[in-house]
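Accompanying notes for the structure given below.
Every read-out reported here was derived from the displayed coordinates using simple, explicitly stated rules and does not represent laboratory data. The structure presented is a predicted model; accordingly, all values stated were derived computationally and were not measured. Note: ideal-geometry Cβ built from the backbone for every residue, glycine included; neighbour counts use all protein chains shown.
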Amino acid sequence: MTMAFADKSLSCRECGNAFVWTAGEQEFYQQKGLLHEPQRCPDCRKKAKAERAAARAANMHDVICSNCGKAAQVPFEPRTDRPVYCSECFEAHRNAPPPTAAPSA
Ligand SMILES: [Zn+2]
Ligand SMILES: [Zn+2]
């Protein structure tokens, strides 16, 4: 049996506006395993997302990378007694092999 989706009209919990939950979105929800209908219209969802992004941005701190000296931002309060890295150096640092693992020639 194939599931057929049809556009569905819902009303936004946030602003009360009616919006269409399209068949494509319903399929997407099902693929993601989401069981609940969206509660908010796309506009309000976009707004909520922007607010979250702004809250995250407000939490960012400007730092100078301890490795390459580039200006970077980190999502935590930098501590003066610990080195801070830009995202590139952080990745490189994390992926670097432990110092004891010297390559055998
Ligand atoms: Zn809305
Ligand atoms: Zn760096």
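Tell me yes or no: at least one residue of segment 3-13 is away from ligand 1 (no atom under 16 Å from the Cβ) and surrounded by 12 or more Cβ atoms within 10 Å (Cβ to Cβ). Steps first, please.
In the first step, residues of segment 3-13 are kept if they are away from ligand 1 (no atom under 16 Å from the Cβ); the result is 3-7.
Within this subset, residues satisfying the condition of being surrounded by 12 or more Cβ atoms within 10 Å (Cβ to Cβ) are 5.
Checked against the condition, which is being away from ligand 1 (no atom under 16 Å from the Cβ) and surrounded by 12 or more Cβ atoms within 10 Å (Cβ to Cβ), segment 3-13 yields at least one hit.
Residue by residue through segment 24-47, note down the ones that are aliphatic (A, V, I, L, M) and surrounded by 14 or more Cβ atoms within 10 Å (Cβ to Cβ). Outline the logic, then answer.
First, pick out the residues of segment 24-47 that are aliphatic (A, V, I, L, M): 34-35.
Of everything in segment 24-47, nothing turns out to be aliphatic (A, V, I, L, M) and surrounded by 14 or more Cβ atoms within 10 Å (Cβ to Cβ).
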